[in-house]
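Structure record follows, encoded as structure tokens.
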Amino acid sequence: MSDDLKRQAAIAALEEIRDGMVVGLGTGSTASHFIRELGLRVRDGLRVAGIPTSQASQRLAMESGIALTTFREHQEIDVTVDGADEVSPELDLIKGLGGALVREKVVAHASKRVVIVVDESKLVDKLGRRTPIPVEVAPFAADRVSGLLLRWGGEARLREKDGRPFVSDNGNHILDWHHGVIEQPDRLEKQVKALTGVVDSGIFARVAHLVMVAKGSAVLKLVRSW
């Protein structure tokens, strides 16, 4: 998706924001456009409080003039706007290639409404077709969890950055599990979550309410049928 299309999709997501809302601020390039555009609306007088899903999003929100809050002040979020790495026809998601999957999931599950913004290349017939499943793990448990995932099929590789294990904002490591096609995302999400040492996975089943898809010069809206 071109940078201009990302911005147009982010602007379209602003239709979901109302004065006085608590807004979940996603992580990634498209979410960054949303945060900047939201900051412009704040400067024009819109009153919102943001809960960011990563340290990077927190810094950008502060630079954009968006007031931040926490779960101590607000247990519930009105709407979260975020991106995704894969979107199925049922609007289930794989997220986390940017490394913020745990905070993204905490924020998503605390939200009354979750809006996902992607380009059409992220649409797949079934999850896992192209993207590995990120699995955040306690560092001590990484090898153990990797072996358990191997028994379920595919291969789990420790994510690295600059030749060293990638460290999430939570101080954990991430395994990229090349599982292949996921037939039952909700079931697999629960199975992975149940492994001791796993913090959470990048499978986001039954989370998104609305997916905005940037396609050509248009932004299509896909709504989950509950």
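What does DSSP give for the chain in terms of the percent of beta bridges that are antiparallel, rounded to the nearest 5?
Of those bridges, close to 55 percent are antiparallel.
Between R144 and A194, how high is the FRET efficiency from 1/(1 + (r/R0)^6) when r is the Cβ-Cβ distance and R₀ = 22 Å? Nearest 0.05.
It comes out at approximately 0.95.
Where only protein heavy atoms count, and the probe is 1.4 Å, what is the accessible area per residue for the chain in Å²?
48 Å²
Ignoring any ligand, DNA or RNA, what whole percent of the accessible area of the chain comes from carbon and sulfur when the probe is 1.4 angstrom?
Its accessible area is 49 percent carbon and sulfur atoms.
Cβ under 10 Å from D92's Cβ, D92 left aside: what net charge do those residues give with Lys, Arg +1 and Asp, Glu -1?
Computed value for this residue: -1.
Expressed in nm², what is the orientationally averaged projection area of the convex hull enclosing the Cα positions of the chain?
If I average the Cα hull's projected area over directions, I get 12.3 nm².
How big is the Rg/Rh ratio for segment 1-132, C-alpha atoms only, Rh by Kirkwood, two decimals?
0.95
For the chain, what does the helix formula give at 222 nm: sum of -39500 (n - 2.57) over DSSP H segments with n ≥ 4, over the residue count, nearest 500 deg cm²/dmol?
Taken over the chain, the calculation gives -8500 deg cm²/dmol.
Normalising by the residue count of the chain, find the relative contact order in percent from Cα pairs under 8 Å and 6+ residues apart.
RCO, the chain: 22 percent.
The values are calculated or read from the model by the stated rules, or taken from the named source; none is laboratory data. Treat the numbers as computed from the prediction; the structure is a model and nothing was measured. Note that each Cβ is placed from the backbone with ideal geometry, even for glycine, and that neighbours are counted across all protein chains shown. SASA here: full protein model, heavy atoms, side chains in, ligands and nucleic acids out. Shrake-Rupley method; radii C 1.70, N 1.55, O 1.52, S 1.80 Å.
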